[in-house]
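Heads up, the thing below is written out as structure tokens.
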Amino acid sequence: MLRTTFVARTIPLAIVLLGLCLPAVTGAVPSSGGRALGPHMAASTPTASLSASFEPERLGGRTTLRFGFQIAGPGGQVPPALTAVSLSYPESLGIAFSRLGLVTCTTAQLEASGVSGCPEDSIMGFGSATAEISLGADLVGEPVPLTILRAPDEEGHISLLFDAVGTTPLNTSAIFPGALLPAPAPFGGQVSIDVPLIPSLPGAPDVAIVRLRATLGPSGVIYFKPLEGRTIVYQPPGLLLPDSCPKGGFPFAAQFSFVDGSHASARSVEACPARAARRHSRR
Amino acid sequence: MIGFLKRWRIGAATVVVLLAVLVSAAPAAMARTLKATDTAHLYKVSVSGSNLIEQGKATGTLPGKMRATVNIGATISGTFTIYVHGVGTITGHGTAIPHGSGRFESFKGSIVVTGGTGRYAHARGTTGLYGTFDRESEDYALVIQTTGTLSY
């Protein structure tokens, strides 16, 4: 079992909101029309969509992977809290040759000092997640910046850390551990992420992650290395695309697990560059 | 005297049959085993996505040249041919799990020898596989060490 760490900090604005919304929140978990989900609603499953693309998308070239997902609860409600995500990527994608994550950052370093306490060369990507909480009849969304970092191996697997730092209204930070695991063809592997439960307010459901957008690659990443007594600043080369496109495009898939025991899955195919160019020109 | 000759003929025939059986069984009985430890330093021939074709020098019990097609992902898998100087080739496939971070990623797994040519036409065996991959080198340098017993 991979270690899961959750760091909850103060929640000043949420306390203000609590005062405004407490009667609605604590009255009852609504069975219809409300946004919170109880165990009795586990039969209704959330739905998910997945997106993935390469930037630039040039066969045989270096690239940054942009990926994202969106989760919707049954009947347009807030989905239950996410507990795990598994993202499978194409088998031809040269992640090992990216020269990303040359050093590691530990959970303890992140907890103590945040991303600034980690070596720059451990950063592998950036992103943003949107967390939603139900406060009575109101829905509060919080965009949370993400940083993806290389972590020391766990249980023999290459590991990652997803550091999310929210400021308003929850002022909550969380560290999601991820592991690189094998996956059956046509996938080259999967990033398996444990998502800790993030409490919102007393009596209210845990925070639900409804959207995530992230990059894995050199876009926005700067590394440093010593050379002849000086420090060189450089951008790592990035993921290596194959010389030829897999038949049918680059396949991606995601599986989502939720706190109420429900699951959702989504697939996405990034078209081969020629088709992608035609598709973009039609837009 | 006649009885002695008959017994001699039966005995001689038996010896001939036994010899024939022994001769036909000889190749199997003569299968040899070799405890081998080899190290190969491989460099990029070509790369496409997560797939590498590498070749380089192998040293150790079976010195020669090695060529490998390797996929480096969540697991490392590939096929290889060792060209042993002047005596034949050894072919097979292997898988390994990568570990570690930093410039050198290490991996550990196993190799299955499935055949070959020349002296090693009937080569078979399973050996341990250890290695490192230089993530910063322009030529994607791989060091592979195999150790185990080969029958051929």
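Which order do peptides A:110-118, A:81-89, B:55-63 fall in by mean Cβ count within 10 Å, highest first? Working shown, then result.
Working: A:110-118: 15.0, A:81-89: 22.4, B:55-63: 16.9.
Output ranking for A:110-118, A:81-89, B:55-63: A:81-89, B:55-63, A:110-118.
Going highest first, how would you order A:95-103, B:102-110 by mean Cβ packing within 10 Å? Can you show the working numbers first?
Numbers: A:95-103: 22.7, B:102-110: 15.8.
Top to bottom by mean Cβ count within 10 Å: A:95-103, B:102-110.
Within a 10 angstrom radius of each residue's Cβ in B:69-81, how many Cβ atoms of other chains show up on average? Whole number is fine.
Working: counts 0, 0, 5, 5, 14, 17, 6, 1, 1, 0, 0, 0, 0.
Neighbouring Cβ atoms belonging to other protein chains average 4 per residue here.
Determine, from the Cβ-Cβ distance of B:Tyr43 and A:Thr106 and an R0 of 35 Å, the FRET efficiency 1/(1 + (r/R0)^6), rounded to the nearest 0.05. Walk me through the numbers before you get to the answer.
Details: r = 34 Å, r/R0 = 0.96.
Computed FRET efficiency for B:Tyr43 and A:Thr106 comes out at 0.55.
Can you give me the long-range amide H partners of B:Gly118? Hydrogens built in the peptide plane at 1.01 Å from N, cutoff under 5 Å, separation of 5 or more residues or another chain.
Long-range HN contacts for B:Gly118: B:Thr89.
Over all residues in A:229-242, what is the mean tally of Cβ atoms on other chains that come within 10 Å of each residue's Cβ? Each step should come with its number before you reach the end.
Numbers: counts 0, 0, 0, 0, 0, 0, 0, 1, 0, 0, 2, 5, 3, 5.
Taking the mean over all residues of the peptide, I get 1.
Within the stretch A:177-192, which residues have the backbone N less than 17 Å from the label spot 7 Å out from B:Ile97 along Cα→beta-carbon, could you tell me?
A:178-184, A:189-192
Return the aspartates and glutamates within reach of A:Lys247: Cα separation strictly under 15 angstrom, same-chain partners fewer than 8 residues apart disregarded; answer none if there are no such residues.
List returned: A:Glu91, A:Glu270.
For peptide A:90-102, compute the average count of partner chain beta-carbon atoms within 10 Å of each residue's beta-carbon. Don't skip to the answer; put the middle values down first.
Values: counts 3, 6, 6, 3, 10, 5, 12, 8, 1, 3, 1, 3, 5.
For this peptide, the per-residue mean of nearby foreign Cβ atoms is 5.
Could you give the accessible area per residue of the stretch B:33-151, probe 1.4 Å, as a whole number in Å²?
Per-residue value: 43 Å².
The values are calculated or read from the model by the stated rules, or taken from the named source; none is laboratory data. Being a predicted model, the structure only gives us computed values, none of them experimental. Using ideal geometry, Cβ is built from the backbone for each residue, glycine included, and neighbour counts are taken over all protein chains shown. Quick note on the areas: whole protein, heavy atoms, side chains included, nothing else; ligands and nucleic acids left out. Shrake-Rupley method; radii C 1.70, N 1.55, O 1.52, S 1.80 Å.
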